[in-house]
Amino acid sequence: MNDALNNIIVPVLYLLSAVLFVFGLKGLTRVRSARRGNALAALAMLIAIVTTLLDLGRVDYQWIIAGLIVGGLVGAIAAIKVEMTAMPEMVALFNGFGGGASALVALSIVWKVLVEPAYPGSAAAALGGASAITAFLSILIGSITLSGSFVAFLKLSGKIGGQPTLIPARHVINSVLFLGCVTAGIYIGFFSHEPSSMMMGALVATIISLILGVLMVIPIGGADMPVIISLLNSLSGLAAAMTGFVLSNNVLIISGALVGASGLILTQIMCVAMNRTLGNVLFSGFGQEGGSADAGEYGNVRSYSPEEAAMVLETVESLVIVPGYGLAVAQAQHTVKELADLLQKRGVKVSYAIHPVAGRMPGHMNVLLAEADVPYEQLIEMDKITPEFKQTDAVLVVGANDVVNPAAEKDPKSPIAGMPVLQVWEAQTVMMIKRSLSPGFAGIKNELFEYDNNMMVFGDAKKVLQEIVSEVKSLTAAA
Amino acid sequence: MMGPLLVGIYVFVLSIFVGVEIITKIPPTLHTPLMSGANAISGITLVGSLAAASSGALVMSSFFAFVAIIFATINVVGGFLVTDRMLGMFSKKKKKKATS
């Protein structure tokens, strides 16, 4: 009976779980099936967990039950309480936990097999060469994911500045640290013969990997955050796959690889949306070279009051709203929707232009506007809306900056040259709601502020929009 | 016959291709839910941590595995719930439109 369980039922259930993961992930790529896809993936996870418990048989469950309860409660509470605006940092944090778990599993195996029984040989001798290498890789990738995601979380939640922090000679430091980490990995894998040096080697590898994760994300500026979040997402999958190699567990390998692939695709999409390569994002420390120097001076900037903006909106027949990170910060998504509804009732054609990297994670604006009940048919992708700007009466830019910067097209020397941007300046009138003239995350000047058809409305996005809304209302009532 | 490592590498490489094939064209609306859902799937490492935590002994390896279970469970439970919450906001509108 037990043989049948271990040799047939367990592998079949694992296979079922892997298949459901594939279907779940596929479902997540279509709007219609996304929710079911997510549920399928959750079911796959449940099957994988139950199967593992079946496979383990009668063991000591105290750690397992305690861990599941604590983790489940923390995860559930965090997921239910989080504000939609705080979604990027939440995803980053969850992602870090996943990577950290993979590294900890590898460490636990090293301790259990080598350190605690005082095994008189290397990791390769005890586990086999391949498992020794993949255990090290899972420590390396998992720890980088953990600390990198944590730094991303701090940056996204504003607990540390979003500007890139560039350490002098960081490429040299990173290379030395990486070589040191690999050396420690080779040492525990093939040369260490006694528990204390094994323990030291594993700890050194872990700590260096954690530092590498911090150093990888610290130089990334806020505008590049969608890229790095996607990359960390991919890494957490790869770490799980490496753990799968150590345990010879195909479900881990399959689902880890799926996540790795999906993260890489998202990373690629984000890079294309910014006309940059991944290497360029990781190693260039964007927004530093000459950026701050020409960020400052503006001449012909015309500032308007919310009342004046409302009077312009009175007269338009078509309006395109361009949301950006400032919308998320000000939590202005509901007010934007209110304004859009008001104008639509007056017969104005309202749509939203969504730049792929607007906000701080892939698809950030879509989630925010969905929370405010904006129908997603009104959210138009960049490629589709571009030809329409010329026929648009007014564009309302709410808390976006770099994604509407004409320098990307007109100044070949600009750091963002070649990045696809929304050509809002082609419209009759552009209204930018912004807190100040300060540059966006790219740290460069935006000439659009000085254009003749541009109106700057300064202030907090939500407050300004509220004033515009009440103004439009009173104008409507008067008419 | 192939050793377990080779089988693992086959599985890994083919799974990456499967992943790339099924996720080629994602509408931008789903970028965040896809990432968040995939992120929850990466909590599969929970399976590994369960096996590692199966001895009740009070030693370092059990402690590592215990923390691994907590981390992975946060990732799994939080990830799937948050994704469902987000997707719920998308479908909420669909229903409204159907009734109106």
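The values are calculated or read from the model by the stated rules, or taken from the named source; none is laboratory data. All figures in this text were calculated on a predicted structure; none of them were measured in a lab. Counting neighbours? That spans all protein chains shown, and the Cβs are built from the backbone with ideal geometry, glycine included.
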Among the residues in the range A:191-201, are any crowded, with 22+ Cβ neighbours inside 10 Å, aromatic (Phe, Trp, Tyr), farther than 20 Å from B:His31 by Cβ and assigned by TED's automatic domain parsing to the domain that holds A:Leu146? no
Do any helices (runs of 4 or more DSSP H) entirely within the range A:1-99 hold 1 or more residues that are at the interface with another protein chain (Cβ under 7 Å from one of its Cβ atoms), touching a residue at least 40 places away in the same chain (Cβ under 8 Å) and more than 29 Å from B:Ala57 (Cα to Cα), and if so, which? A:10-27
When (1) closer than 19 Å to B:Asn75 by Cα; (2) within 12 Å of another protein chain (Cβ to nearest Cβ) are applied to A:Leu156, the one that fails is (2)
Return a yes/no flag: does the range A:162-171 have any residue that is touching a residue at least 24 places away in the same chain (Cβ under 8 Å) and either outside the structural domain of A:Gly129 (by TED's automatic domain parsing) or closer than 20 Å to B:Phe64 by Cα (or both). no
Residue under evaluation A:Leu146, criteria (1) modelled with pLDDT of 95 or more; (2) more than 9 Å from chain B (Cβ to nearest Cβ), criterion not met: (2)
Could you say which residue among A:Met45, A:Met84 is within 30 Å of A:Phe153 (Cα to Cα), crowded, with 19+ Cβ neighbours inside 10 Å and at pLDDT below 85? A:Met84
State all residues of the range A:343-364 that are outside any loop (DSSP other than H, G, I, E, B) and crowded, with 18+ Cβ neighbours inside 10 Å; if no residue qualifies, say none. A:Leu343, A:Val350, A:Ser351, A:Tyr352, A:Ala353, A:Ile354, A:His364
Inter-residue pairs, beta-carbon under 7 Å, first at the interface with chain B (Cβ under 7 Å from one of its Cβ atoms) and in the range A:100-116, second aromatic (Phe, Trp, Tyr), 6+ apart: A:Gly100/B:Phe71; A:Ala101/B:Phe71; A:Leu104/B:Phe64; A:Leu104/B:Phe71; A:Leu107/B:Phe64; A:Ser108/B:Phe64; A:Trp111/B:Phe64
Please pick out the residue among B:Leu81, B:Leu14, B:Leu5 that is more than 7 Å from chain A (Cβ to nearest Cβ), part of a helix (DSSP H, G or I) and surrounded by fewer than 24 Cβ atoms within 10 Å (Cβ to Cβ). B:Leu14
